[in-house]
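Report on the structure given below.
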Number of protein chains: 2
Amino acid sequence: MSRPTTIKDIARILKISVSTVSRALRDAYDVNEETRNRVLAAAAEINYKPNYNATALAKRSTHNIGVILPFITNYYFSTVITGIQEVAYSKGFNIILHVTNDSPERELSIVDNLSLSSFDGLLVSTCSQSDSCEHFARVIREDIPVVFFDRVPNQIRTSKVMQDDFNGAFEAVEHLVSNGYRRVAHIAGPRGLLFTEKRYEGYLAALTKHNLPVVEDYTIYSGFSQESGQADTIQLMDLPEPPDAIFAVNDRKAIGAMLTLKARGIRIGKEVGVIGFTDDPMASIISPSLSTIAEPAFEIGRKSCELLLGHIRKKSFIPEEKILPGKLIVRESTNKG
Amino acid sequence: MSRPTTIKDIARILKISVSTVSRALRDAYDVNEETRNRVLAAAAEINYKPNYNATALAKRSTHNIGVILPFITNYYFSTVITGIQEVAYSKGFNIILHVTNDSPERELSIVDNLSLSSFDGLLVSTCSQSDSCEHFARVIREDIPVVFFDRVPNQIRTSKVMQDDFNGAFEAVEHLVSNGYRRVAHIAGPRGLLFTEKRYEGYLAALTKHNLPVVEDYTIYSGFSQESGQADTIQLMDLPEPPDAIFAVNDRKAIGAMLTLKARGIRIGKEVGVIGFTDDPMASIISPSLSTIAEPAFEIGRKSCELLLGHIRKKSFIPEEKILPGKLIVRESTNKG
DNA sequence: CTGAAAGCGCTAACAT
DNA sequence: ATGTTAGCGCTTTCAG
């Protein structure tokens with residue numbers, strides 16, 4: 001087990017100073033082309049690998065970005081991470097993963113225990129019940145850039161990357177209406193999250209545009225899970241005048257809805273239309289297959305990371321918002337037959 | 001933007017030396033109880049957070065563990081990571097994520113560019129086509145602990161954590177047989193991966209135990225994707241004497257199999273039984289629902305990380321192997337009716 | 001039990 | 001264009 005090689009080794013071998021080596025290893029700036037080549041050659045020769053801790057200590061900049069999100073065990077988030085990882089990797093950044101399990105306490109504890117010296121920036125998607133964003137505000141105040149994606153808080157002024165929730169929802173509902181459904185219900189996410197509000201607004205706007213009545217009982221706010229979808233749908237179908245279509249805030253809830261519809265012997269599509277949001281692979285596996293709004297998850301990851309890297313590089317942190325379009329995917333669950 | 005506080009600040013405030021502060025902050029060893037309390041109080045007071053880069057540089061030990069795996073966008077891997085993250089988090093370790101996209105070149109490039117100074121240990125699941133493990137052997141030779149999980153190479157002597165692939169496969173096939181299926185095919189993963197071999201062996205063993213003939217054409221090695229499952233099944237059902245049951249190496253392939261069976265109008269369960277491996281949530285969503293062997297993904301993550309942390313702590317690296325049991329989940333796809 | 005001092009590997013003025 | 005030197009924040013001998 002040989003001690004890793006350092007720039008000192010290179011300096012000694014080449015009989016030059018460490019600062020020259022250091023300079024040669026980074027940009028060409030102010031160093032003789034030939035010296036530089038010799039350094040590079042020697043480095044390769046002895047299999048030199050920079051010690052990032054030393055660099056970080058000296059430059060006050062690690063090459064890490066922290067990612068904080070509720071879960072990674074679903075299609076959307078794992079795809080976002082893959083996108084993040086893709087650009088981080090290409091720029092030589094590591095990503096440090098923190099999963100909150102959607103627990104506000106855990107989120108708080110993670111953020112408070114973050115050593116600000118161990119990452120250059122933060123990418124976050126909040127818990128569904130984050131009542132406060134004070135902890136993130138603190139991080140920002142320390143001048144470390146934070147960009148939010150998907151689940152972004154509305155009380156805080158930072159960079160945000162989202163899908164076009166309003167228009168996605170609008171399109172989904174309009175699709176339902178143009179396929180002949182009239183009593184469209186919405187099983188929403190938890191209140192307080194920007195995107196559940198946006199999707200709700202898109203739903204309302206589509207209803208209004210097509211002169212459909214807005215029935216208060218037709219909107220139910222609850223969790224994001226399949227079980228919530230089932231529960232909400234039971235509630236909906238027990239109404240004196242049940243809806244003939246359901247727009248779910250995401251595919252998991254839509255699938256939950258389909259499950260209870262099936263259990264009650266209601267024919268999906270023919271009797272009750274269902275549309276989701278995400279385009280989880282499950283949507284094409286379930287039968288009947290589920291119409292949905294495909295989210296640009298991978299792109300959200302890429303864009304968030306690019307934005308963050310930009311903030312880190314320029315050391316300026318002027319908030320920017322990016323909204324990426326979704327895409328309507330028509331399948332069987334919205335086919336009246 | 002105030003510079004983060006350091007142990008120097010604490011030392012200055014308390015008018016003691018930095019070394020005392022340093023000692024007090026770690027273990028009680030050799031420091032007066034009272035001094036220690038004063039240090040802790042002061043640290044909390046000024047909101048001191050250790051600079052891990054400095055620690056890492058001084059101690060030659062970061063608090064990071066690297067995780068290298070093919071994908072994160074599926075149920076199994078994302079659940080494993082959640083398990084890893086769970087124990088890493090509780091021990092104050094960060095996890096640095098690297099995804100290879102199942103590309104051996106990328107895997108190689110990641111490993112070769114790893115700065116050994118930036119993590120204390122490695123958790124890896126290899127690419128399906130990793131022909132060589134030389135790059136991992138190099139890491140191990142540098143005395144940094146590596147533990148493999150799930151996709152473990154068989155040519156290399158290190159710690160490994162796996163599900164019980166042999167017995168899982170055995171149980172799956174035995175379940176098929178005891179439900180009356182006789183011509184059981186196996187759509188396997190790529191050759192060369194330990195677990196695809198183990199599952200194949202389990203399949204063989206069950207056949208042998210029940211005196212069923214081993215038909216060579218009934219085993220097809222290919223990829224892990226749903227598409228591979230579809231293609232393999234086409235090939236199988238085009239045989240002069242097609243199988244009446246399919247044991248798939250994982251649920252994604254099983255789902256692919258079900259899709260082509262459905263497309264051909266073959267009744268799943270009644271005519272051809274299908275069983276998978278993993279217990280992806282999709283297995284209970286698809287209809288008919290898919291019987292499968294549930295893998296202890298979360299536990300695999302936990303155990304791998306615990307093992308690795310053990311190696312890191314004791315600085316000894318005596319390879320250990322852990323095998324975790326799976327569980328048969330009976331659903332509709334293996335019901336002959 | 002505590003302090004002084006050296007050093008981890010690298011960067012960044014400041015000289016030359 | 002290159003070398004000298006002083007840190008970055010923390011740990012760790014070695015003295016006392």
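Here is a list: A:ALA24, A:ALA58, A:ALA43. Which entry is within 16 Å of DNA strand D (Cβ to nearest atom) and either within 10 Å of chain B (Cβ to nearest Cβ) or of a type in the set (Asp, Glu) (or both)?
Numbers: A:ALA24 fails: either within 10 Å of chain B (Cβ to nearest Cβ) or of a type in the set (Asp, Glu) (or both); A:ALA43 fails: either within 10 Å of chain B (Cβ to nearest Cβ) or of a type in the set (Asp, Glu) (or both).
Answer to the selection: A:ALA58.
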Task: Cβ-Cβ under 9 Å pairs, at least 6 apart or on other chains, region B:175-188 side in contact (Cβ under 8 Å) with a residue 24 or more places away in the chain and over 14 Å from B:LEU204 (Cα atoms), far side of a type in the set (A, V, I, L, M, F, W, C) and part of a loop (DSSP other than H, G, I, E, B) - done: B:ASN179/B:VAL330
Open item on the list: Against the condition in contact with a Lys or Arg (Cβ under 6 Å, 6 or more places away or on another chain), outside any loop (DSSP other than H, G, I, E, B) and either free of Cβ contacts under 8 Å to residues at least 60 places away in the same chain or of a type in the set (Asp, Glu) (or both), how does A:ALA11 come out, does it pass?
Closed with: no
Open item on the list: Go through region B:62-96 and report how many residues are more than 7 Å from chain A (Cβ to nearest Cβ), part of a helix (DSSP H, G or I) and within 12 Å of the chain's Cα centre (by Cα).
Closed with: 5
Open item on the list: Checking B:ALA42 against (1) touching a residue at least 12 places away in the same chain (Cβ under 8 Å); (2) touching a Ser or Thr at 6+ places or on another chain (Cβ under 7 Å); (3) in a helix (DSSP H, G or I); (4) within 24 Å of A:SER109 (Cβ to Cβ): exactly one of these is not met. Which one?
Closed with: (2)
Open item on the list: Being assigned to a loop (DSSP other than H, G, I, E, B) and closer than 16 Å to B:LEU176 by Cβ is the filter here; which residues of region B:225-249 pass it?
Closed with: B:PRO242, B:PRO243, B:ASP244, B:VAL249
TODO: Pull up region A:1-21, narrow it to residues that are surrounded by fewer than 16 Cβ atoms within 10 Å (Cβ to Cβ) and more than 10 Å from DNA strand C (Cβ to nearest atom), then point me to the one that is farthest from the other protein chains (Cβ to nearest Cβ).
DONE: A:LYS15
TODO: List the number of the failed condition for B:SER103; all other conditions in (1) away from DNA strand D (no atom under 16 Å from the Cβ); (2) buried (at least 18 other Cβ atoms within 10 Å of the Cβ) hold.
DONE: (2)
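Any residue at all in region A:46-54 that's more than 16 Å from DNA strand D (Cβ to nearest atom), under 24 Å from A:SER130 (Cβ atoms) and assigned to a loop (DSSP other than H, G, I, E, B)?
Taking region A:46-54 as the starting set, the residues that turn out to be more than 16 Å from DNA strand D (Cβ to nearest atom) are A:46-49.
Still in the running and under 24 Å from A:SER130 (Cβ atoms): none.
Checked region A:46-54: no residue is more than 16 Å from DNA strand D (Cβ to nearest atom), under 24 Å from A:SER130 (Cβ atoms) and assigned to a loop (DSSP other than H, G, I, E, B).
Looking at A:VAL152, A:VAL184 in this structure, which one is buried (at least 21 other Cβ atoms within 10 Å of the Cβ) and under 17 Å from the mean Cα position of the chain (by Cα)?
Result of the check over A:VAL152, A:VAL184: A:VAL152.
Bear in mind these aren't lab numbers, they're just calculated from the coordinates by the rules spelled out. Treat the numbers as computed from the prediction; the structure is a model and nothing was measured. FYI the Cβ positions are ideal-geometry reconstructions off the backbone, even for glycines, and counts take in every protein chain you see.
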